[in-house]
Amino acid sequence: MSDVVEKTLTALPSLLSLDSHPGSAKLSSTSKLGNLIRGITELTSKHEEEKLIQHELLAIKEQVSSPNTTMRQMKELMVRSIYCEMLGYEASFSYIHAIKLAQQGTVLEKRVGYLAVSLFLNESHELLLLLVNTVLKDLQSTNLIEVCMALTVVSQMFPKDMIPAILPLVEEKLNHPKEIIRRKAVLALYKFYLIAPNQVQHIHNKFRKALCDKDPGVMTASLHIYLQMIQENPDAYKDLTPSFVTILKQVVGGKLPMDFNYHTVPAPWLQIQLLRILALLGKNDQSTSEVMYEVLDESLRRAEMNHNITYGLKALTYVVQQDPKLALQHQMTIIECLDHPDLIIKRETLELLFRITNAQNVTVIVEKMLEFLCISEDDHTTIDLVGKVAELAEKYAPDNEWFIETMNTVFSLGGDMMQPDIPNSFLKLLSEGFDSVEEDRKLKLFAVNSYVPLLRGEPGKLPQRFLQVISWVLGEYSHLREDLEPAEVLSLLAKLLDMKNSSSETKSWVLMAMTKLCKGGTDASVTQEVSETYSSSLDTVLRQRAHELQYLSQDPELRARVLPRGANPETLEVDSSLSFLDRFVSEALAAGAAPYKPPHQRQEELDQSKALSLEPYGLSLPISMSSCSITDRQSPTLLSMSSGLSGDSADLSHKGGSSALKLDGVKRVWGREGYLAQREPVEEAAQVEVPSPIQSPGRQGEGDSLHSQTPTQTPTPEPEQEKQQLASSLFVGLASQSSVSLMGKSEPTPQRFRRKAKGQGPGSSFNASEQISSSLISPPSAVDNLLCNNLLDSNNASELAEQTSQLSQRLTTANGTCHTEAELTEPDTKGCNPALRRDNCVVAADPGPHDDPGRLTEVCLDSYLPAELSGLSHSEIAPLCANQSLNLSACHVQKEDSLILVVFIINSSESAIQQMLLQVDSEELEVSCLCDSPAGEMTSHSVAVGQYSLTVKRPAVHVEVVGTVSYQLPAGTSQSLQFSYKVPLTSFIRPFVVSTEEYGTMWLSFSHDTKQNLTLINDNQEPLTATLNALKKKLQLHVVEVIGMEGIVACRLLQDLPCLMHCRVNAGWLAVWLRSPVPDLPDCLIYHCQRALQSL
Amino acid sequence: MIKFVLMVNRQGQTRLSRYYHSVELSRRAALEADVVRYCLSRKKDQCSFVEYKDFKVVYRQYAALYIVVGITDSENELSIYELVHNFVEVLDKYFSRVSELDIMFNLDRVHIILDEMIQNGHIVETNKSRILAPLTAIDKMVES
């Protein structure tokens, strides 16, 4: 340390005297700031730092408030304050002076004022309001530097409510002749879009102008807005795809001015941004993706391929999502990374392995993961990895023993940190069982067998969650083991109760298990003792459990009814409305008790009685009805049971969908040069490989080049053999199938435990473009500690060229996303000849040509509308999708009390199709089939019609229905077509007729709300009436009453979900406040109100 | 998204800090100390990206100074790794052979440069001459 200080001190004078830098301020070593900095560099302890800074703060405080302080001195004071805050000492007294400095200072002083404001204040700080006038003044300044500063600070932070005050000025700057002003104006609008998207909705066309700006900087700035908007609604911007492609083409082609290059790579960050946008646009959209292939290929080609060991690991991980076989080419690299001393690299490797796991390599990969878990000390890593192991175990377990043992390790290692859904879903799996009764019994028995010795050993070392799982399993299934006396299990469980570190949650699980097991007789003494101990426990849950145990152990009949052995878990239902208490409540009411009021209502009434409320209908509290739901009151056992059991029916319906056709992958010629040489069938298959036409030539090219490299890997020195063995066990099964089901769509390997995979893999496809790579580059070596050492050491430079070319190469890997969609839609080709397979690929890749016949038939589809619907208004019949045999179209019909989706299936081919099956589902909607869904055979050129009634489960601005038609061609090949259909939420809105009094009561009881200013319509009529009438007409709202400048409006979402709207004219705006018992409904409705008013 | 940018020397002293999401002042020192300790403990042959709690950290060492950037999981590490270098190159161009003391004595200017490059946690400019344009314009006005 002293060494460092010494060097620092020797360096100081030289720096201060040699102050010849172009921009650096003239600082004398005697200046106050200079003193502070010197003081800071000389610090040796935290204590000294505190003394120094407290002293400094006092000095600053004294000086800032002095009237004689010049702006120039004030600037220095602000920098000193920034230093103090940077070291963690609050200097809040200087905030107001920072604003003053921004207001009164000139040039650099002003800029430092703005800088200090942006460093000191957070976005919601009330002092920010004082900045508005300064910004307003600077935006109108004739000095471009000041305009620039104002725009910079606005794009960093600005009070949301004051946006309208400066918006016109910022918009005006979009046409400024200077690129820097236009660019900063775009960035300011981006900020507005982030904090108040509605305020800038009317200028979307100006964003387009910015995108087409002749200056690349302005265009780049506009991409931020587009990325954001496309993330929110990709469909609305598909038409821009060719523009983004053209831009990327120009960037990659080196059309930008030289100063945009970074070490010879043309604008790499801009490329990333464009690739991110393209990934969003191309996701799940074959035709849009096709527009991009050429430029993606070009980007890939320009970025030299050079897989530098660890550098490319993460890239590989994401590429592997698209094509697991690619991993084969890098087997040895991956093995080396697995042994890498750096844990981070090891982690990434496991991440990669996780993605290529299949039924054949699962044991080895899980073993590697568990090994890592044993040495990992980081909680986040443990939680993440434990979840992955559990997922893999459930998906690919080769046998019962392995599954239970692996899960035991998961529970022991994951401890109490792991996600609660892991034990829940494990128990659910055990209780649901699977197809074979015998297998089922074996699995449960094996679990019991493995838990008993654990309890006999040292259960005190096991995590609580594991003990809970054990208790439950023993309670339910220990009877399966005939040689095991219930009395022994009971005493083992009772032992858990006596352990000091057992949590009360665990104890409650244990008591529950004991309740299931006790039979009276010999067991009675243990249960009696336990229930006596806990029936006086302070914990109410434990007390209840103890009482249950006591009563049920004495009444075997009642016990058999309450806790039937081997019961089907689905029959358990929780009466969340607590209706069984109705009688109690009505008796209490009759006896004069006050009626129950929900907490927020009580609070509201309290507030109202305290003071005059200025807002209509009082304040709303953030407490939502749902947050105080039944779950809070449930005992742990019941809770996890019920949460684990919900959604079973959904699982079943998914089973039907996902067990359908998935492909056996296309084999690769170069696969056999890997370490899978012993796998004969793979080789044979490789011979008949037909390159899929939907793959970009780039990927094939890449494959070829790697092919030529692979022979160099084959010579195998002795010590390598172990690694090779590992390789062959890790990468087994990859060549023969593309099994990675990251999209949650394909599930080619038969799963042992047939259940829906838990969610999707953690990285969804769109992340692929975001997280591209990881690297290992040793940081440039530090020569010594001297403060004034040049930061850019010369040895950095040599590395750079290499790094940057790799950077850009990384960027291009993002394109993988587009390929997959094609692969995923490929129908099952297992067992069919190559020619047929090729046909299918063409269909999947190119639905375009088949669109036209669809449009032609559309006209006459009207006549196929079911008779009972034909009189009602329906949306335009829109084509959904088509292939060479089927055309799908759909429309929705609005009935007074429902919304009907009508799907038309037209067999446009010359032959009949068989086993046609139409399935429709939605995340946000409840879909129920009216009459029978069309199914079975369809003759040539016939039309089948499906009708579905839709109700909203979860409001969203647009709700979407997805569906699949599966059918068989006469030749016996299975085919399927997927489609999606969007319905605006407005189709579900109906007027809601209520009186003003009813409205008032309801208003108070609704807990979800939103507020927003809308534009008023100014035509000849009175603006409020005109606006409300327009909304009424467009959105089918019911205007309850209009009084003066206020109006109240009501509507309902089908079937009976009310939403109330309070409108008030205020300063030229319509201040709207929406309330509903349904979360998200107010937000969605306000969106549609805005759209409705805009479109006028 | 970028969550914060730190410049710290080998002794763990903060030379610059900029947060792009709201972190209370009282929690910053602890967070910085923690992140920095983590980065300093890594050897030169270990990779420059580390996972820390629920976010990632990308760091680069220049002489005795570390530049540490906290990013969300969805951000591209390599792009940030190179951004750090671009930042240092810009500083080098402005200060002609930048050193730790340049940064200390010109904290305001370094912030102004950084503000041109990163806003709201997003990379907004990477073109060196354009990054420096506003600051050099200010310097010219101050001189005259």
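The values are calculated or read from the model by the stated rules, or taken from the named source; none is laboratory data. All figures in this text were calculated on a predicted structure; none of them were measured in a lab. No Cβ is skipped: glycine too gets one built from the backbone with ideal geometry, and neighbour counts run over all protein chains shown. Keep in mind that these areas ignore ligands, DNA and RNA; they rest on the heavy atoms of the full protein, side chains included. Shrake-Rupley method; radii C 1.70, N 1.55, O 1.52, S 1.80 Å.
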Check your understanding: Looking at this structure, is A:T951 out of contact with any Asp or Glu (no Cβ under 6 Å at 6 or more places or on another chain) and in a strand (DSSP E or B)?
Key -> no
Exercise for review: Quick one: which residue in A:Q201, A:Q228 is touching a Phe, Trp or Tyr at 6+ places or on another chain (Cβ under 7 Å) and under 30 Å from A:L1014 (Cα atoms)?
Suggested key: A:Q228
Check your understanding: Got at least one residue in the range A:71-83 being open to solvent by 50 Å² or more (accessible area, probe 1.4 Å) and more than 42 Å from the chain's Cα centre (by Cα)?
Key -> yes
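Might you check whether a residue that is of a type in the set (A, V, I, L, M) and either in contact with a strand residue (DSSP E or B) (Cβ under 8 Å, 6 or more places away or on another chain) or not in a helix (DSSP H, G or I) (or both) occurs anywhere in the range B:131-143?
Looking through the range B:131-143, none of the residues is of a type in the set (A, V, I, L, M) and either in contact with a strand residue (DSSP E or B) (Cβ under 8 Å, 6 or more places away or on another chain) or not in a helix (DSSP H, G or I) (or both).
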Practice item. Output the residues belonging to the range A:226-246 that are over 16 Å from the mean Cα position of the chain (by Cα) and not hydrophobic (A, V, I, L, M, F, W, C). Key: A:Y226, A:D235, A:Y237, A:K238, A:D239, A:T241, A:P242, A:S243, A:T246
Check your understanding: Considering the range B:51-60 alone, what residues qualify as being surrounded by 23 or more Cβ atoms within 10 Å (Cβ to Cβ) and facing chain A (nearest Cβ under 8 Å)?
Key -> B:Y59, B:R60
Revision key, fill the gap. Those strands (runs of 3 or more DSSP E) completely within the range A:959-1069 that have 1 or more residues that are open to solvent by less than 40 Å² (accessible area, probe 1.4 Å), assigned by the TED database to the domain that holds A:S908 and under 30 Å from A:S885 (Cα atoms) are A:974-984
Point to revise | Residue list for the range B:94-123, restricted to those being open to solvent by less than 10 Å² (accessible area, probe 1.4 Å), facing chain A (nearest Cβ under 7 Å) and among the aliphatic types (A, V, I, L, M) | key: B:V98, B:L101, B:M104, B:L107, B:I112
Exercise for review: Output yes when any residue across the range B:80-94 is part of a loop (DSSP other than H, G, I, E, B), under 25 Å from A:Q271 (Cα atoms) and modelled with pLDDT of 90 or more, and no when none is.
Suggested key: no
Review point. When B:S79 is evaluated against the numbered criteria (1) at the interface with chain A (Cβ under 7 Å from one of its Cβ atoms); (2) of a type outside the set (D, E); (3) touching an Asp or Glu at 6+ places or on another chain (Cβ under 8 Å); (4) open to solvent by less than 30 Å² (accessible area, probe 1.4 Å), which criterion, by number, is the only one it fails?
Key: (3)
Practice item. Among the residues of the range B:1-45, write down those that are in a helix (DSSP H, G or I) and more than 8 Å from chain A (Cβ to nearest Cβ). Key: B:R27, B:A30, B:L31, B:E32, B:A33, B:D34, B:V35, B:V36, B:R37, B:Y38, B:C39, B:L40
**Study point:** Residues of the range A:240-291 satisfying the condition of being β-branched (V, I, T), touching a residue at least 40 places away in the same chain (Cβ under 8 Å) and in contact with a strand residue (DSSP E or B) (Cβ under 7 Å, 6 or more places away or on another chain)
**Key:** A:V252
Study note, to complete from the structure: Of the residues in the range A:351-390, those that are in a helix (DSSP H, G or I), touching a residue at least 12 places away in the same chain (Cβ under 8 Å), over 22 Å from B:E51 (Cα atoms) and open to solvent by 10 Å² or more (accessible area, probe 1.4 Å) come to A:T363, A:V364
Practice item. For A:A882, state whether it is at pLDDT below 85, within 28 Å of A:P970 (Cα to Cα) and in contact with a Leu (Cβ under 7 Å, 6 or more places away or on another chain). Key: yes
Check your understanding: Do any helices (runs of 4 or more DSSP H) entirely within the range A:1-105 hold 2 or more residues that are at pLDDT 85 or above, and if so, which?
Key -> A:32-41, A:46-64, A:71-86, A:95-104
Check your understanding: Tell me, which residue of the range B:64-74 that is open to solvent by 10 Å² or more (accessible area, probe 1.4 Å) and either among the hydrophobic types (A, V, I, L, M, F, W, C) or more than 10 Å from the chain's Cα centre (by Cα) (or both) is farthest from the other protein chains (Cβ to nearest Cβ)?
Key -> B:T72
Study note, to complete from the structure: If we ask which residues in the range B:1-42 are of a type in the set (A, V, I, L, M) and open to solvent by 20 Å² or more (accessible area, probe 1.4 Å), their number turns out to be 7
Review point. Within the set of pairs 6+ apart or on separate chains, which have a first residue in the range A:65-83 that is more than 9 Å from chain B (Cβ to nearest Cβ), a second that is assigned to a loop (DSSP other than H, G, I, E, B), and C-beta atoms under 6 Å apart?
Key: A:M71/A:G105; A:S81/A:A91
Point to revise | A:N205 more than 14 Å from chain B (Cβ to nearest Cβ) and either open to solvent by 50 Å² or more (accessible area, probe 1.4 Å) or at pLDDT 90 or above (or both) | key: yes
Check your understanding: Does A:K346 qualify as being at pLDDT 80 or above and of a type in the set (K, R)?
Key -> no
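A quick yes/no check of all residues on (1) open to solvent by less than 10 Å² (accessible area, probe 1.4 Å); (2) modelled with pLDDT under 90:
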| residue | (1), (2) |
| --- | --- |
| A:L139 | yes, no |
| A:T152 | yes, no |
| A:D161 | no, yes |
| A:E171 | no, no |
| A:N175 | no, no |
| A:K184 | yes, no |
**Study point:** Search result, residues across the range A:122-131 that are open to solvent by 10 Å² or more (accessible area, probe 1.4 Å) and either within 13 Å of chain B (Cβ to nearest Cβ) or in contact (Cβ under 8 Å) with a residue 12 or more places away in the chain (or both)
**Key:** A:N122, A:E123, A:S124, A:H125, A:L127, A:L129, A:L130
